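See structure below.
The values are calculated or read from the model by the stated rules, or taken from the named source; none is laboratory data. This one's a predicted model, so the numbers in the text were calculated from it and none came from an experiment. Virtual Cβ from ideal backbone geometry, glycine too; neighbours counted across all protein chains shown. Only protein heavy atoms, including side chains, enter the accessible area calculation; ligands, DNA and RNA are left aside. Shrake-Rupley method; radii C 1.70, N 1.55, O 1.52, S 1.80 Å.
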Amino acid sequence: MSDLSALSAQGSDPVRVIRTNARLQDITQDSFFFADQPARLAVAYISPHNDFQATLSALQRLAGQTTLIATMTAGELCTQGGATRTPLYNDTRSAWDDVVIQLFSPEMVEAVSVHTIALDEGEGASSTVPPDMRVAHIQDQLSRIALPFVINPQNTLAVTLIDGLAKAENYFAEALYKAESFPCAFIGGSSGGTLDFRETALFDGRRVVRNHAVLAFLKLAPDFAFSIFKTQNFVNTGRSFIVTEADAGSRMVRSVLDRQSVTVVNILDTLAALMSCRKEKVFEALEDYTFALSIEGELYIRSISGIDVAQGLVSFYADINVGDELFLLKSTDFNETTRSDLRNFLKGKPQPVGAILNDCILRRLNNANHLRELDGMWPMPAAGFSCFGEFFGINMNQTLTAAVFFRLEEGEVFHDEFIEFFPVYYGRYSQYFLQTRLNQQKILNDIRKGLIERMVDFIRRTAQSSLELEQMVKQTEAVRTTMESVRAELHARMQGMASDDQKGVLEQEFQNVVHRTKELFDIVTILEKISLQTNILSLNAAVEAARVGEQGKGFAVIASEVRILAQHTKESLGKSAQALVGVKSSTGVLGEHIEQSEKKLAEARDNYGEIFARIGNMFSSFEQINEVMNSVEEMSHQQAQLIRTVEDDIAHLRKIEQ
């Protein structure tokens, strides 16, 4: 069974695949019968270029008693199985009009129950109903579903078709697990359409619906079994980031958590670092990469739909929740990976008789040159569609999922890991939404923890700043005291220099000197006159002495001495007069200088008054600064008290964390 091309359907196939067109060419009522019994279920995959309502009306007339559901597609897949080399992927390069019908016989499907779920209370995907209310609305509808048979995860599955433009797969999945009513596999996809993403539609057996989900619960007959196949041509690189800011409605992400710094950063900065490129080159760098959730090692791809560098936003095709850890995946060989995964899946299993295929449109678009390499891969009739997202427990992208059916021989026991451990898988799907909320709390705790660490560092720095402030306040007080002393001294000196009582003192004293010098001049003049008269008298005495002869010799000697003294006196008085002239000249110059000095001192007195006023203003500023520093000191004491309180709180938090 390892050579898939050698496998072919044997006997009466319980699954039939028909490919036709919008005119339903070669389709008759007999096409919906297996022998003489109508098909239990028909699933129609209809091109978006066809009139969906008209095509369904025609199909309904032909289907008769067969339960019919349908979805619009972004491309169809179909094969009769075996070694046939007909294309698995229908050609979508032009406005194709294909219709693929997959029929399930009553031999294999014992019972079918179809239900329709409105995904929003509003009129469309643009409704502003809050997420929790949307989940509650869906959950309420699911809780009211009453199936006509008991669910057994080994023989029951739900073919799940969801409006591909409603962006509600996540809401549906969360509501499904909250309802706790359907312990079986949900497998399917989101309805497709043209790539302008303007329209898509579903059919629930009665009417065409939009913004709804259509669920077809299938209960298999005892001689049949099923399992779920899943393949992705990607491998996990192990590098990841955690989403911290996302909008569920638009599927946009803005911020992620930087694990090293435990800070929130823009997602584009993280992607640029992850891909070692500039932000403008991120989309191009991610050409061979994608992202995925990892749930117990199972990857659920979230593909990027667009990047807005200017706004710092990244859009995804699948739902993104705050708390999701997204791993970077690297693409592998499309053909080899898909074939290898299918070989491993079928190994050890009974003969496959049919498969429902749900293939992401991105797989078709990104591997357009390799699609024909998968022709002849499926050993049984298989059909499906290229969808706007796959649903297997939760939604995903860039994945091929398939519900594969097997015929059991009498007494044969079907062994399959997924079926045998279904409760574990179901628990993982259900736990994802709880884990998301736990992750959100963990992010808050991590950010809070980082914030606390930064606060601790801030508090330490602030405490040091408080000490420095206290020192500065003390230094300011010392400076204030010194300035007060300087101020007092300046005030006293300026008062003395600027006093009007001192005006003219120097000039008055100078006039006294001038007056005393004049008196000296008068005295010298008198002495000169006396000296002159003494000299005249001595001359007269000498004449008279000569006249009397010998008797007058003694008197003549005296007269001679008096004349010599008078001469010396005259000479001394001449020198004194010259000195006084010099003194007078000097005092004249000094007088002029004193007059100028008096004027300058008067100007200085006026300037000193202005300077004194400015110094007064300066000291007023010093007083204001002193008041501010007193306030700073008080604030510093209050801050120190607050720091001690915060430190106590942090210590308590750390004890609780331990």
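Any idea of Glu420's accessible area? Nearest 10 Å², probe 1.4 Å.
Ignoring ligands and nucleic acids, Glu420 comes out at about 90 Å².
Which residues does the label zone of Asn21 cover in the stretch 59-76, counting backbone N under 19 Å from a point 7 Å along Cα→Cβ?
Backbone N within reach: 59, 73, 75-76.
Write down the accessible area per residue of the stretch 15-94 in Å², having rolled a 1.4 Å probe over the full set of protein chains.
Per-residue value: 45 Å².
Quick one: ranking Asp140, Asp132 by accessible area, 1.4 Å probe, largest first, what do you get?
Correct descending sequence by accessible area is Asp132, Asp140.
Order of 154-162, 422-430, 301-309, 348-356 by packing, highest average Cβ count within 10 Å first?
Ranked by mean Cβ neighbours within 10 Å, highest first: 154-162, 348-356, 301-309, 422-430.
Once phi is turned into ³J(HN,Hα) by the Karplus curve 6.51 cos²θ - 1.76 cosθ + 1.60 with θ = phi - 60°, what whole-Hz value does each residue of the stretch 235-240 show in order, with x for glycine and proline?
The phi angles translate into 10, 6, 7, x, 8, 8 Hz.
Cβ neighbours within 10 Å, averaged per peptide: list 57-63, 207-213 in order, most packed at the top.
Averaged packing, sorted descending, gives the order 207-213, 57-63.
Give a residue-ordered list of calculated ³J(HN,Hα) values for the stretch 406-411 (Karplus: 6.51 cos²θ - 1.76 cosθ + 1.60, θ = phi - 60°; whole Hz; x for Gly, Pro).
For the stretch 406-411, the Karplus curve yields 10, 8, 9, 6, 4, x Hz.
Quick check on my link table: of Lys219/Lys347; Lys279/Lys449; Lys330/Lys442; Lys178/Lys219; Lys347/Lys442; Lys178/Lys230, which ones sit more than 32 Å apart, alpha carbon to alpha carbon?
From the list (Lys219/Lys347; Lys279/Lys449; Lys330/Lys442; Lys178/Lys219; Lys347/Lys442; Lys178/Lys230), the Cα-Cα distance tops 32 Å for Lys347/Lys442.
Is the shape of the stretch 79-225 rounded, prolate or oblate, going by the alpha carbon gyration tensor and its root eigenvalues a ≥ b ≥ c, with a/c under 1.5 for rounded and a/b larger than b/c for prolate?
oblate
With the cut-off at 1.5 for a/c, could you classify the stretch 266-382 from its C-alpha gyration tensor as rounded, prolate or oblate?
Prolate, since a/c reaches 1.5 and a/b exceeds b/c.
Could you derive backbone 3J(HN,Hα) for the stretch 273-284 from the dihedral phi with the Karplus parameters 6.51, -1.76 and 1.60 (θ = phi - 60°), listing whole Hz in sequence and x where the residue is Gly or Pro?
3J(HN,Hα) across the stretch 273-284, in whole Hz: 5, 5, 9, 6, 8, 6, 4, 5, 9, 4, 4, 5.
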